Each structure stands twice: as C-alpha cells, then as structure tokens.
Amino acid sequence: MGTVTLGVSIAVPEPYGSLLQERRAGFGDPAAHGIPTHVTLLPPTEVDESDLPAIEAHLAEVAAAGQAFPLRLSGTGTFRPLSPVVYVTIAEGVADCSELQERVRDASGPLARELQFPYHPHVTVAHGIAEEAMDRAYEELAEYEAAWTCVGFALYEQGPDGVWRTLREYAFGGGGPAVPAQARPADESTLQP
C-alpha cells in the first residue's frame, strides 16, 4: 500500500457551493473545478493508505460527539501578502469550526499534525492567481451573504488528477451519513455574479 492525500472539510451546500465555485473559476483560478467549495478542517495531509480504517473510525467518533451549528458567510477577506488567498469570511460559526478542527487533529488521533498557519476558518474564492484577479474577487464578493445549518463534514481524497473527491460523509450525533445541509434562502441580489 502507498500513501494518499486526504482533507477534511465542511461542504458549502447548494446553491452556494456551485455559485462560489463558478465565481472562483471566473476569477481565473485553475483549481476551481477540482476543489469543492468548503471550509477546511484538516488541510491536505499525506497518510499511509493502511491508516484509512483508523482515520475513518476517528472521524466517526468526532462526528458522533458533534452537534449541528449555524454557519453564515458575509463579505470577503484576504491573507495577502502572507499567502495569495482571497476568501469569503465566516461571520457565524467560527468557534464551532475551530473546535471541530481541533478534535479532527487531536494529538492522540491518527490525523494529528501541526498547521503551517494559525487556524482561520474561511471559504477560498481565489488562490495564487494574478493580483488584479485577486483584487476583483475581493471587491466583487464584498457583499456576499449565505447562511445554513452545518450538520456534518466529509473526508476527501485528492486524486492523481488533482481533483478532490468525497470518500465519506459524517453526520453530527452519529446519525449515519451526512445529508445535504438545508440552505436558508438569501437575498437573491447576493447570489448574482
């Protein structure tokens, strides 16, 4: 057995996920269609394939102990000049995401790892593209709003083609596979490109 690259994320539900993915592609980000719109809980992490059963059991335990929480996106932010990223800001649910990612990366668990930067939950909409395109992403999504109830998270694997695919979904409270989150309608003007 070899190694695999995994990530753990909260998926941004429809219609928001597709809209932000299309906007990311429109800003010229070549990775847009290979990365589902998400809030990262565990960044790309290389593991031995033989560790997958232990990782899946660990994530099932984390999910069983979790509870649904409100997530709300509002406006944009950037990590520039430290990192070439523009993102949609999480306005509600920051503490819940932070606690959840700590449990995913628990020091005694199979996904224990240090982070390159302090954890800051967000939804990336532009990464590593021309500065003018980054500025456009920052400005054009400055009024963006979306809200939903987060009911779980998912384990993803990056394929040899660079595309991230869902391996397994986890619902909070041990209720079986996560079902798509129910998106609360937002003002339609915030959903227009």
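Read-outs: derived from the displayed coordinates by stated rules, not from any lab. Being a predicted model, the structure only gives us computed values, none of them experimental. For neighbour counting, all protein chains shown are included, and Cβ atoms are generated from backbone atoms with ideal geometry for every residue, glycine included.
Available extension along the chain between residue 149 and residue 67 is 28.5 nm, counting 0.36 nm per residue and deducting the alpha carbon span.
For the chain, a simple Cβ point-charge model (Lys and Arg +1, Asp and Glu -1, everything else neutral) yields a dipole of about 160 debye relative to the Cα centre.
When peptides 134-146, 99-111, 46-58 are ranked by their average number of other Cβ atoms within 10 Å per residue, the highest-first order is 134-146, 99-111, 46-58.
Ranking of 119, 16 by neighbouring Cβ atoms within 10 Å, starting from the fewest: 119, 16. Residues 117, 79, ranked from the fewest to the most other C-beta atoms within 10 Å, line up as 117, 79. What number, in percent, do you get for the relative contact order of the chain if the mean sequence gap of Cα pairs under 8 Å and at least 6 apart is divided by its residue count? Contact order relative to length: 30 percent. Each 10 Å bin, from zero up to the one with the longest distance, holds this percent of the alpha carbon pairs of the range 1-80: 14, 38, 32, 16, 0.
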